[in-house]
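Have a look at the structure below before the remarks.
All of the numbers you see were taken from the coordinates with simple rules; none came from a lab. The model shown is predicted, which means the values in this text are computed figures rather than measured ones. Don't worry about glycine lacking a Cβ; one is built from the backbone with ideal geometry, like all the others, and counts go over all protein chains shown.
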């Protein structure tokens, strides 16, 4: 097993030459990486079969499904890499120019971060996604995946490295940490001088561990306790559509709705209809039925509700469960969100422009919606073309992070002897 | 003494309403804050006299000078506040708009960070500077100054709060932490959910403590081990001018030069002249003479050099001391900088466009200069109009931080019932 420190030293060395990579070189590398990945399909599937076999009795069916690769999924990973070729290269973009009266020229220029470390859990497709985003944005990446997917990720990275070498680049641009114990995660979190940016992608526990232990810059991602507030003036049909979409279209993702806040004037109309629509109607169609965790006012209005427990308004269910609370007005909704949100995505359903404006101004989240589903918070939907994760912090990047969010800038100052 | 936690709770509450502040309101507040500061001149001077008296035997003459306020300095602080009135307000700026085919409109809009905490040392003028920058950028600030300047800062903040109240704003927008022990600094570093951004302004020890202990987002500022590399083709007179300016014009600041790297071909010409210019010529004019900490090759070329010690190439001298090393070529200079720089500002003096390009591409610092002094790294010089500090990290902001760097953004998404 290669020591994590050796991987970091190699990554730092590889990062030295990255600023000079041309867009063409990076795009060529993406193409050869995608080719090499497809050529390695059999190796990757064999490795993945070992991972799946080893986890058979330990993981839920949903997790086993996430872990399992198929030829079609590997093809999808290769397409994901190729999709980056056509996206604009953010590196080298001159963001601002200042000419001083003495002739000094100051250019603010986008440059790669350097070494980006990503700690993630058991989806092997994250390995190729993250590596490709790093290469296109001119960064070196150090990947630390979950142990359940280690053999798969190792095979994927081996293929991607072959692709890099074919394009004339260093294989050290994409490296997998071989130690899958907590020790290697801690090593990345404390690698001051080696890691320029650490992105944890995973559950709340992983994110918390990074925030508590990291000495290197971190972007927190993806914990979403998303709220939808149905105002008194809401179109009830629109509210039901949006709530069903935000809760049920993919409950396991971070932009799914976990909490519904309802204005007390519309609650007697909305909540029985919501219960019918998200529970009985879905069950009748053979779809997963939602259950409701209700506050005392909502409970009598929802036949399939149970009384909310102490933590139900602070839980990312990632499941067919919705917490429901009746509030007095938009201000009460804003206050509830301020106290319970993870600052990911929140929506108001209203016909009142005034209430929409108050909600938009006061809600301190990466994405604030008026009359639309929270499920749109996504790099592709927001026009970034791709996504490394969804930042729930305010420093550097907020919401979906694309290529540009993986860059920083430097000031390049050219003179002819100027002194101050 | 008010508990730090109470201050943080009040700050968070005040931040709730800040997004809605208009530019006019903020500018009015800046004017009333400047007025109130001037009106409080006598109170501030009396408080400052107590601070100075208490520190008389503990601080150096330079530090006492930094701590001491005069009517002129208070006037300068008021002017500093007023200077922000004319600067553009970054808040509310629409940074990007995406219209989706289904009519969903996604606006990326600049918003304040929220609560910005600043930990600084003993210059009372930082109190008014930081408060004014926070108000103009729509942020609440929590100021934690050094204990030597506590009475002065308290009097300044009391005046600024009067100014806020006169403009109809909450006095809690600008608060001073009353506990000046290490405990309050730790409280700010770990105030997850209360502090959106922590900016330490001070010496390397303070910055290190923040990086090691902070659980909230931090921007490291101001540690500058700045290098100037004199290439073989350099104009020697230009190099001498720039070196004298970068070392001597204000040695106590972070953009002063601490290390001179010299190409071996030009060393026999440059180094004796540098010794003469920065030592003997300055001494003859009654100016502070620079001493040199030399590597083995430079030492015989510099009459006022001494052999460099183990740490001399990793020390921010902030004094009339320059470390000098002879290197083989631009690549060796780049490697030295990669190993020893604090990523603040570095310069190359050269006539070679190729070497300039190599240096600019490879040096990973906030500001990289070609044929100019490192002393230009400054918010005013870079056209930002002001400065909260100079970031030496890559996340969020790099180099001088002005008003825009004190904002983040959110995505405001407007629809008419869109689901995904």
Original post:
Roughly how many nanometres apart are two label points built 7 Å out from the Cα toward the Cβ at residue B:212 and residue A:332?
Top reply: 4.9
Original post:
Say R0 is 41 Å: what FRET efficiency, to the nearest 0.05, do residue A:280 and residue B:20 get from their beta-carbon distance?
Top reply: 0.45
Original post:
Taking the label point as lying 7 angstrom from Cα along the Cα-to-Cβ axis, what are the distances from residue B:383 to the corresponding position in the remaining copies, in ascending order and in nanometres?
Top reply: 2.5
Subject >> With eigenvalues of the C-alpha gyration tensor scaled by 5 and rooted, the range A:215-294, Å >> reply: 27, 17, 9
Original post:
Given the rule -39500 (n - 2.57) for each run of at least 4 DSSP H residues, summed and divided by the residues of chain B, what is its mean residue ellipticity at 222 nm, to the nearest 500 deg cm²/dmol?
Top reply: -11500 deg cm²/dmol
Subject >> Peptides ranked, highest mean first, by Cβ atoms within 10 Å: ranges B:95-102, B:359-366 >> reply: B:359-366, B:95-102
Original post:
Along the Cα-to-Cβ line of residue A:31, 7 Å from the Cα, sits a label point; which residues in the range A:164-180 have backbone N less than 20 Å from it?
Top reply: A:164-171
**OP:** Determine the distance separating the Cα centre of the range A:21-48 from the Cα centre of the range B:186-229; give it in Å without decimals.
**Re:** 40
Original post:
How would you rank A:207, A:225, going from fewest to most other Cβ atoms within 10 Å of each one's own Cβ?
Top reply: A:207, A:225
Subject >> Euclidean distance between Cα centres, the range B:63-103 to the range A:296-312, Å >> reply: 48
**OP:** Compute the separation of the alpha-carbon centres of the range A:1-15 and the range A:147-178 and state it in Å as a whole number.
**Re:** 13
**OP:** Determine the principal axes of the Cα atoms in the range B:226-376, then give the extent along each, sorted from largest to smallest and rounded to whole angstroms.
**Re:** 40, 30, 29
Subject >> Taking the range B:145-221 and dividing mean pair separation by its residue count, relative contact order in percent (alpha carbons under 8 Å, at least six apart) >> reply: 24
**OP:** Based on other C-beta atoms within 10 Å, arrange B:345, A:122, B:352, A:128 from fewest to most.
**Re:** B:352, A:122, A:128, B:345
Original post:
Relative contact order (percent) for chain B, with alpha-carbon contacts under 8 angstrom and 6 or more residues of separation?
Top reply: 18
Original post:
For the range B:116-164, what class follows from the C-alpha gyration tensor (a ≥ b ≥ c being the square roots of its eigenvalues): rounded when a/c is under 1.5, otherwise prolate if a/b is larger than b/c, else oblate?
Top reply: oblate
**OP:** Report Rg/Rh for chain A, rounded to two decimals, where Rg is the Cα radius of gyration and Rh the Kirkwood radius.
**Re:** 1.03
Subject >> Rounded to 10°, Cα long-axis angle of helix B:236-248 versus longest principal axis of chain B >> reply: 50
Original post:
By counting other Cβ atoms within 10 Å of each Cβ, how are A:236, B:177, B:140 ranked from fewest to most?
Top reply: A:236, B:177, B:140
**OP:** Find the chain B residue whose Cβ sits closest to the rotation axis that carries B onto A, and give that distance in whole Å.
**Re:** B:396, 2
Subject >> Rounded to 10°, Cα long-axis angle of helix B:23-39 versus longest principal axis of chain B >> reply: 70
**OP:** Partner chain Cβ atoms within 10 Å, averaged over the residues of B:336-344 - can you pull that number for me?
**Re:** 1
Original post:
Could you give the alpha-carbon Rg of the protein assembly as shown over 2.2 N^0.38 Å, rounded to two decimals?
Top reply: 1.01
Original post:
Between copies, how close do the residue B:286 label points come, placed 7 Å along Cα→Cβ, listed in nm from shortest?
Top reply: 9.8
Original post:
Hey, what angle do you get for helix B:41-55 against the long axis of chain B, alpha-carbon based, 0 to 90 degrees rounded to 10?
Top reply: 50
**OP:** Just grab the label-to-label distance for residue B:204 and residue B:53, each label 7 Å out from Cα along the Cβ direction, in nm (one decimal).
**Re:** 3.7
Subject >> Spacing of the two label points (7 Å from each Cα toward its C-beta) at residue A:319 and residue B:73, in nm >> reply: 6.2
Original post:
Which distances in nm, rounded to one decimal and ordered from shortest, link the label point of residue B:303 to the equivalent label points in the other identical copies, with labels set 7 Å from Cα toward Cβ?
Top reply: 10.2
**OP:** Quick one: compute the contact order of the range B:307-375, relative version, from alpha carbon pairs under 8 angstrom and 6+ residues apart, as a percent.
**Re:** 30
Original post:
Counting partner chain Cβ atoms within 10 Å of every residue's Cβ in B:371-380, what's the average?
Top reply: 5
Subject >> Extension gain, residue B:60 back to residue B:105 (0.36 nm per residue minus Cα-Cα distance, nm) >> reply: 10.3 nm
Original post:
So if R0 is 60 Å, what FRET efficiency would residue B:97 and residue A:296 give, r being the distance between their Cβ atoms, rounded to the nearest 0.05?
Top reply: 0.90
Subject >> Per principal axis, descending, Cα span of the range A:143-241 in whole Å >> reply: 60, 33, 25
